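First up is the structure itself, then whatever we jot down about it.
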Amino acid sequence: MNLDSIDIEVVFNNFEAGFWFVIALVLACRAWRSEPRVKRVGMFAAFAFGVFGVSDLIEAHTGAWWRPWWLFVMKATCVLVFAGCLRRYRQIKKSPPIQTS
């Protein structure tokens, strides 16, 4: 293997994609064991992190996060979903638990 032929950006994007996939897996496992309100938000966030990982794999081949245009839209949508999930999670944690009989 020739070190001159290694593209550090491709390696980094692939590593980063793996990181997002691990985050997605951990979130999904934690959400699965949570109460229904948290479970729904956690699974949605896990899916978004998985999609974000896929976007990094695509970025590794395109060379830029803004090219093609839909890759930027994909990444921006994921970030908005992350923010929305965090907001909803905080609302759930501040509210009293649902009483079941």
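The values are calculated or read from the model by the stated rules, or taken from the named source; none is laboratory data. Note that the structure is a prediction, hence the values are computed from the model and not measured. Using ideal geometry, Cβ is built from the backbone for each residue, glycine included, and neighbour counts are taken over all protein chains shown.
In table form, for the structure just shown:
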item: Of all residues making up region 4-30, the number that are over 15 Å from ASP56 (Cα atoms) and β-branched (Val, Ile, Thr); result: 2
item: One residue from ARG87, ARG30, ARG40 being over 24 Å from ASP7 (Cα atoms), in contact with a Gly (Cβ under 8 Å, 6 or more places away or on another chain) and modelled with pLDDT of 95 or more; result: ARG30
item: Among the residues listed as ALA45, ALA60, ALA31, ALA76, the single one being in contact with a Leu (Cβ under 8 Å, 6 or more places away or on another chain) and of a type in the set (A, V, I, L, M, F, W, C); result: ALA45
item: Region 30-46: number of residues that are among the small types (Gly, Ala, Ser) and in contact with a Ser or Thr (Cβ under 9 Å, 6 or more places away or on another chain); result: 1
item: Breaking point among (1) farther than 30 Å from PRO97 by Cβ; (2) at pLDDT below 95; (3) not acidic (Asp, Glu), for LEU71; result: (2)
